[in-house]
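The values are calculated or read from the model by the stated rules, or taken from the named source; none is laboratory data. The model shown is predicted, which means the values in this text are computed figures rather than measured ones. Neighbour counts run over all protein chains shown; Cβ positions are idealised from the backbone, glycine included. Quick note on the areas: whole protein, heavy atoms, side chains included, nothing else; ligands and nucleic acids left out. Shrake-Rupley method; radii C 1.70, N 1.55, O 1.52, S 1.80 Å.
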There are 2 protein chains.
Amino acid sequence: MLDERKKKILQAVVYNYIATALPVGSRSIAKKYKLGLSPATIRNCMADLEELGYLAHPHTSAGRIPTDKGYRFYVDSLMEREDLSLEEKARIEKEYSDRMNRIDQIMEETSQVLSLISRYTGLILAPNLEKSIFHHLELVSLENGRILSILITGSGLVKNKIIEAEEILPEERLEEILNLINDRLSNLPLKRIKEFISDQLKIKTYSVKIWELMNQIFTWDGAEELYLRGRINILEQPEFKDLARTKSIFQALEEKRLLVEVLSRSTPSEGVRVLIGKETKCRKIRDLSLVTSTYRINGRPVGVLGIIGPRRMEYSKVVSLVDFMAETVSKVLTNLSHTTISKVGE
Amino acid sequence: MLDERKKKILQAVVYNYIATALPVGSRSIAKKYKLGLSPATIRNCMADLEELGYLAHPHTSAGRIPTDKGYRFYVDSLMEREDLSLEEKARIEKEYSDRMNRIDQIMEETSQVLSLISRYTGLILAPNLEKSIFHHLELVSLENGRILSILITGSGLVKNKIIEAEEILPEERLEEILNLINDRLSNLPLKRIKEFISDQLKIKTYSVKIWELMNQIFTWDGAEELYLRGRINILEQPEFKDLARTKSIFQALEEKRLLVEVLSRSTPSEGVRVLIGKETKCRKIRDLSLVTSTYRINGRPVGVLGIIGPRRMEYSKVVSLVDFMAETVSKVLTNLSHTTISKVGE
DNA sequence: ATTAGCACTCTCATTTAATGAGTGCTAAAG
DNA sequence: CTTTAGCACTCATTAAATGAGAGTGCTAAT
């Protein structure tokens, strides 16, 4: 375990490096933080910290910079959260006006706000459909046996999909199915419904065709549900002024698939989660850190939001921001879900 | 008017500069293009071209680079279109599989393809709703008098909107309205319908409340309908290796509002349109060029697509690409619109 | 009208030297 | 035994100096 002095010095290094992006030396620590120690003593201590893996040398005779391990210790044990100012909180809450009643609006707005306030890149993964509750289905038959399905979830998410029926179904039949679904399956989690359908497909009680149709309706491609804002903010960071490296990072940020994977791996544990550098387990973004939290609808976690930025991130602020945003979005979405379908027109 | 020699030399300069991004001098032109002229002659000629405003000096004793006027003349009078290869055409057409039956998929795919093939930034403005034809409306009543409206256009575009009814409408009434709309207004352009509604609002024949509701349903915010892909490709261009400048361009590319405005200003004239540098009439992107064309559904123009990239763009290729893509998207969308609603379930 | 020749200009890459922050070690002081 | 002062040494960064190269503009000759 680190002794008090080492903690103080580690903290000073991390703090300074986050602020300046410059390797920090013993002299400047002695000057800025009144630790009552001479540079030489600090030097010895820093050498110890380096041996223990918390700090690193870019080259001999440069100051120290924190390693992933160093940041990790800082985040876990040294950092104090820096709460958002009242203004900021007010500003955020004001953004979610009542008129914002579509999930995609809320997603866009949230990623935008995350990015604007943090000056890093904000992201949010849309509510996972599987975890949503089914509320209502509409079917509109088109030409050539195509059917437009409109799926509405308890949280007010509307999902359109055009499906192909191999044979043209008579209208009564369609209506029959529709009623069955809306009557019997309403308020069930979508995941349950999928299971139900695939069971039916196995048993082959009903017409198989119809259950295949249902299967299509309740199957969707999970991609494309990530909202990202403020990618350019990466360019603000001095450590990415080198284009060659930055470009590959930009490319990574364009790969939604990649980010979605990393994000969904971000376990839905309580509170805010921080992944630093290599901890993201993804080569392409190993120079970035990720601060995430889950948001909920009616208490059940449905999605992830957060911020991606340089390893040298202002964790103390960002953690608070992400926490607050998760709360806010949860409130907004829960609220929205209460104003959703109770009765169905026609 | 430029004489034959000047044209040849201007063409050589533009061509060379597009290929290399380096100011081009008299010597290299004399060497590469067998014009049968000595460097000195070419020098004189280039000096003339400069005086006429087609070329510019970055500084004394550097080669020439084309001005906007130079590019303009090149595009209008000198350039020959370079058709896409058969492979490329096949590759593009293959991308639009039959399974692609949602407008937003087509938009994403199109901007993606534009970007991939050109190596610049691809963009497409979704079909203008006002110019679309109304096909069908569904209404689902929610709690608190909120109503989910699902608007389907002739081109298969589905638009959801939650609207607030000030007083709760009885279900029969809602159905009545719905039938009225679907029976009487189907196949009319949406613009006509909006006019019709505001007329009704003025006359106040029917219940005003209901027409206000209709007004809400048929009113939408035009924003957010721009699809952009391949922004990073800007970083590939050597002239943007200077971060300071590039950043502001990136910022401009993030401002959808701005781009939408520039794009919609791009008149729906026949064929491909090229805007070079300052011609975009927008300071923030005055170092970029825009190549656009309109795409159609059933022959009527409904949207714009194109490419945005450095002024030093490979116009001869890009113009062909944009032209071909406009044709392809028009076909795909027209095709889609034919498989749309004929009869309505329930 | 065209071209060869030449002086001149400006950029860019490379070299060289100076600067300076920072370390590591040792020996003295507390 | 811990802390500190002192000093030699190491690199990175910066600035100035240098030279090559590309290109121009002008003049005089073809």
Please specify each residue of region A:22-36 satisfying the condition of being away from DNA strand D (no atom under 11 Å from the Cβ) and open to solvent by less than 80 Å² (accessible area, probe 1.4 Å).
A:Val24, A:Gly25, A:Ser28, A:Ile29, A:Tyr33
Quick one: count up the residues across region B:1-38 that are touching a residue at least 40 places away in the same chain (Cβ under 8 Å), assigned to a helix (DSSP H, G or I) and touching a strand residue (DSSP E or B) at 6+ places or on another chain (Cβ under 7 Å).
3
Considering only strands (runs of 3 or more DSSP E) fully contained in region A:92-197, which possess at least 3 residues that are under 25 Å from A:Ile210 (Cβ atoms) and more than 9 Å from chain B (Cβ to nearest Cβ)?
A:134-141, A:146-153
Identify, from the list B:Asp68, B:Asp104, B:Asp48, the residue that is away from DNA strand C (no atom under 16 Å from the Cβ) and farther than 21 Å from B:Leu290 by Cβ.
B:Asp104
Out of curiosity, is A:Pro39 closer than 26 Å to A:Lys241 by Cα, within 12 Å of DNA strand D (Cβ to nearest atom) and away from chain B (no Cβ under 14 Å)?
no
In region A:2-14, the residues that are open to solvent by 20 Å² or more (accessible area, probe 1.4 Å), touching a Leu at 6+ places or on another chain (Cβ under 9 Å) and more than 10 Å from DNA strand D (Cβ to nearest atom):
A:Lys6, A:Lys7, A:Lys8, A:Gln11
I'd like to know if region A:234-257 contains one or more residues that are modelled with pLDDT under 85 and under 17 Å from the mean Cα position of the chain (by Cα).
yes
Name the residue, out of A:Thr60, A:Thr41, that is within 11 Å of DNA strand C (Cβ to nearest atom), in a helix (DSSP H, G or I) and open to solvent by 40 Å² or more (accessible area, probe 1.4 Å).
A:Thr41
Any chance region A:333-346 includes a residue that's open to solvent by 50 Å² or more (accessible area, probe 1.4 Å) and either at pLDDT 85 or above or in contact with a Phe, Trp or Tyr (Cβ under 6 Å, 6 or more places away or on another chain) (or both)?
no
Condition first: more than 22 Å from the chain's Cα centre (by Cα) and without any contact (Cβ under 8 Å) to a residue 24 or more places away in the chain. Can you find one or more residues in region B:78-86 that meet it?
yes
Taking region A:58-74 on its own, how many of its residues are farther than 17 Å from A:Arg43 by Cβ and within 12 Å of DNA strand D (Cβ to nearest atom)?
0
Of everything in region B:251-278, what is buried (at least 21 other Cβ atoms within 10 Å of the Cβ) and free of Cβ contacts under 8 Å to residues at least 24 places away in the same chain? Give them in sequence order.
B:Leu275
